[in-house]
Amino acid sequence: MEGAGDISRPRTANATSHFIIFILNILDSHHNIYKLRLNPNKSISQLTLSIRLKDYCAYQEPTHHNKVTIKSYFLQFLPGSALRKHGHLSKPKSTYASMYHPMIKWIKELYMVNYALNELTKRKRKYLLNIMVIGLVVVLLITLNSLGVAFKEASKLPFENIHSSIIIQRNGNVPENTSGAVTPCSLAPIKGELIPQIGKIQGVKEIASGLFLWVFDKDSFKRVLGVNWSDSRGKRIGSGLIEGSLPQSDSDALVEKAYAQQHGLKLNQTLRLSGTDFTLSGIVDTTGKDILSSDVYVNLNSSQSLAYNSRNLQETEKFNKNDVNIIFIDADQTMVKEVTSRLKTLVNPPAPNAGKTPTGQITGAYNIYTPESFESQISSLFLISDKLILVLSLVVLVGALLVLIKSMSHTLLERRKEFGIMKAVGFRSRDIRREITIETLLQTIIGYCVGVALSLVAIFALAKTTVSIAIPWEMSPYPHFHTSNPNLIAPVQTYLFPIKFEAMYSVEVLIAILVLSLLTVSVLARYINGLKAMEVLRYE
Amino acid sequence: MNKIIVARDLSKTLGSVKAVNSVSLDVNEGDFLVIQGSSGSGKTTLLSLLSGLDKADAGEIKFGSEDITSMNEDDLALFRRKNVGIVFQSYNLIPTLNVLENIALPLFPEGGSKEKMFERAKAAAESVGLGHRLDHYPNELSGGEQQRVGLARALINNPKVIFADEPTGNLDTETGQKVMNLFKSLNKEKGMTIVMVTHDDGLAKEADRLIKIKDGVVINE
């Protein structure tokens, strides 16, 4: 045993040597060291390895058993190994394991990569088709998926700015005739007394309320939102002020920029709302800031007065001066569920004989929207597009599979004669399979990279586009029966398309496409290897 | 003389034709054996059996100490790589590989250093007089040059026997003679065993040993 004299106190095989052997077995996937035995009487450095030198080149693959120590096994890979220098290793480097070391063997096989690259560059046109097909599949899959994700993201955008965790609304009836100030049927009046009760619920951080009205005047329709300028909602709207100042008195009003432009309204002009005159103290631009945007913003008091004085509204449902019709509750993030369930017990259930609103909801029933409920409501709308994308992806995948198999088999089967020659000069089935596998892997990886590059370009371009999102009507502040302006029926907000490159998905695509092409190649290899060298040579 | 191939009662049916019918023959080390027969006589089939390209339906071939009739396809491929070189009438070069790579083709599956591989291929190319055309592609070569590439490829693994199937069949007389001279010098100077198949009487005269075959049966020896 070489080097035995170096160790004065032999350590017996212990946990360390077990661990070394465990690691070696993992590393040794080629089973060059196929038996690692522990001899309890020897030190770690003298662990005996039975090394099977897989004679890769030799015809009969003879099995040699050579006994070397772990130390010498690894030391010989070092340049100018001390072991060789001191003659510990009697045989020259080439006959020992270094030649058969998995890593070295792998490098030896690199020539097959060269050969495959050669094939790819010499038959550019043919492989270009395969690469383009793979690229196209990758682009379609990645882009479709990103589109799907982006649509979902986009659908949430209008609600991103609702900072309150919970929104309370109540269903109501539509007034008999449309004149004066009325409440939309999704925003029936809520008793003002409810607000202090909500304030007592544990976990509620802030409450903001508003009164949203549709004002039908003789020749115009306006959406009017009454807010408290000092609460979170009012502050948000106020932050959009672009001209003038916030209302100083109950007879002041702000007007939305778009509405002002449409109707040629200027600062300090008088605006008549259901018989009451307001002075335009400022212009705001809330685009993209709030789901509940309006045409005109006034003090909560003023809107409550408008509602209180509206005969039409009072006839539909009794309205008190302190009533509102929308409540925003900012709850503690961790307590949203508890607050929601407390709210549900707090609000009165609808009368047993309650009728139904024009949209089939029970009159008087409260709607408590939480972030989750918004999401589910929205995602149900986008479920269709989701399924569509799934179906499209599947169609792409199946179509691609067919095209890929066809173009791959074409390029490979065209080379039957070549494979026949290879067999004739001594390529085994596995040599040919390895060759076409490497070629296919190269094509797949190149095609994938092309596909990813194109997807990035496509996604980058798409990210520059805008997307218009229709807000579900029941969350819309627009009257659904007001048909004079079709744009008002399905209010639309425009955002930059939130499309992103999904890195994880692209990895999944890579795996899928590798599996796909390897499957194809294994079927083809089976076919090619089924051909006899002689038959292939006769086929000319 | 050492017998390198001992074939006994070889039979092979192709379709409904008995291409080789109970043929027995020996090949000695250093032989220049020509198997002559007309088209369809079964000579190429016999060559494919002897060289391990195809498997016989019946009979036995001992190549050295190995029984190649009992080998499977992969074993046969390795056997061919190690022991025989085959030269074809239609050269059978790979169009996307240059001369050097075509010659080195049998070395590819073994892997190993690229430099060493091409060193050997270069030596083989030089031995057939192609040292100056190493980076040319088959379509840039004349028929005679292509056949010399084929021969160099057959020689690359230092085979025990070279099999040639009408190696001059696609060449004009003069070029054919040059290729023939190469085979002869290999046989005379290096003692290479050569088994050649031809229908040509002229080439048959060059042989040390001549076997005539007709309808799958040896008619003289």
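A short reminder: the numbers here are calculations on the coordinates, not readings from a lab. Please read all numbers here as calculations on a predicted model, not as lab measurements. Backbone-built Cβ (ideal geometry, glycine too); neighbour counts: all protein chains shown.
Couplings 3J(HN,Hα) of region B:13-20, computed from phi: 9, 10, x, 10, 9, 7, 5, 10 Hz, in residue order, whole Hz [Karplus 6.51 cos²θ - 1.76 cosθ + 1.60, θ = phi - 60°; x for Gly and Pro].
Apply the Kirkwood formula to region A:166-369: the hydrodynamic radius equals the inverse of the mean of 1/r over all pairs of different alpha-carbon atoms; give it in Å with one decimal.
On the way: mean 1/r = 0.0572 Å⁻¹.
That comes to 17.5 Å for region A:166-369.
If you plug the beta carbon distance of B:R8 and B:N72 into 1/(1 + (r/R0)^6) with R0 = 22 Å, you get a FRET efficiency near 0.60. Label-to-label distance for A:F221 and B:E29 is 10.7 nm, based on points extended 7 Å past Cα in the beta-carbon direction.
Quick check on my link table: of A:K423/B:K212; B:K12/B:K214; B:K12/B:K43; A:K222/A:K257; B:K82/B:K190; A:K218/A:K318, which ones sit more than 21 Å apart, alpha carbon to alpha carbon? If you can, show how the numbers build up before the last one.
Values: A:K423/B:K212 29 Å; B:K12/B:K214 14 Å; B:K12/B:K43 11 Å; A:K222/A:K257 14 Å; B:K82/B:K190 18 Å; A:K218/A:K318 24 Å.
Going by Cα-Cα distance, A:K423/B:K212; A:K218/A:K318 fall outside the 21 Å limit.
Amide H to amide H, with H built 1.01 Å from N, B:S90 comes under 5 Å of no residue 5 or more places away or on another chain. Using the Karplus relation 6.51 cos²θ - 1.76 cosθ + 1.60 with θ = phi - 60°, the per-residue 3J(HN,Hα) values for region A:338-344 come to 5, 4, 4, 5, 5, 4, 4 Hz, with x marking Gly and Pro. Each label point was placed 7 Å from the Cα along the Cα-to-Cβ direction; for A:A503 and A:F460 their separation is 1.7 nm.
Taking chain B as a Gaussian network of alpha-carbon nodes connected by springs under 10 Å, the highest mean-square fluctuation of the residues B:S22, B:S39, B:S11 belongs to B:S39. Placing R0 at 51 angstrom, the Cβ-Cβ distance between A:L388 and A:N268 gives a FRET efficiency of 0.50 after rounding to 0.05.
The alpha-carbon atoms of region B:90-213, seen along their principal axes, cover 43, 29, 23 angstrom, with the largest extent given first. Label point of B:D215 set 7 angstrom out along Cα-Cβ; within region B:21-52, amide nitrogens under 13 Å from it belong to B:21, B:41-42. Taking amide H atoms as placed 1.01 Å from N in the peptide plane, the amide H of B:F163 lies under 5 Å from those of B:G85, B:I86, B:V87, B:V195, each 5 or more residues away in sequence or on another chain.
Shown here for region A:241-335: trypsin sites (Lys or Arg not before Pro) in loop regions (DSSP other than H, G, I, E, B) with at most 16 other Cβ atoms within 10 Å, namely A:K266, A:K289, A:K318, A:K321.
What ranking do B:E101, B:E119 get, fewest neighbouring Cβ atoms within 10 angstrom at the top?
By the 10 Å Cβ count, ascending, the order reads B:E119, B:E101.
The stretch between A:K337 and A:K406 holds 19.3 nm of extra length on full extension. This uses 0.36 nm per residue minus the Cα-Cα distance.
Shown here are the Rg and Dmax of the Cα trace of chain B, at 16.9, 49 Å.
Couplings 3J(HN,Hα) for region A:518-530, derived from phi with the Karplus relation 6.51 cos²θ - 1.76 cosθ + 1.60 (θ = phi - 60°), are 5, 4, 4, 5, 5, 5, 5, 4, 4, 5, 4, 6, x Hz, where x marks Gly and Pro. Distance between the 7 Å Cα→Cβ label points at B:N158 and A:V395: 6.4 nm.
Close amide-amide hydrogen proximity is noted between A:V324 and A:I190, A:G192, each under 5 Å apart and 5 or more residues distant or on a separate chain (H modeled in the peptide plane; Pro and chain starts excluded).
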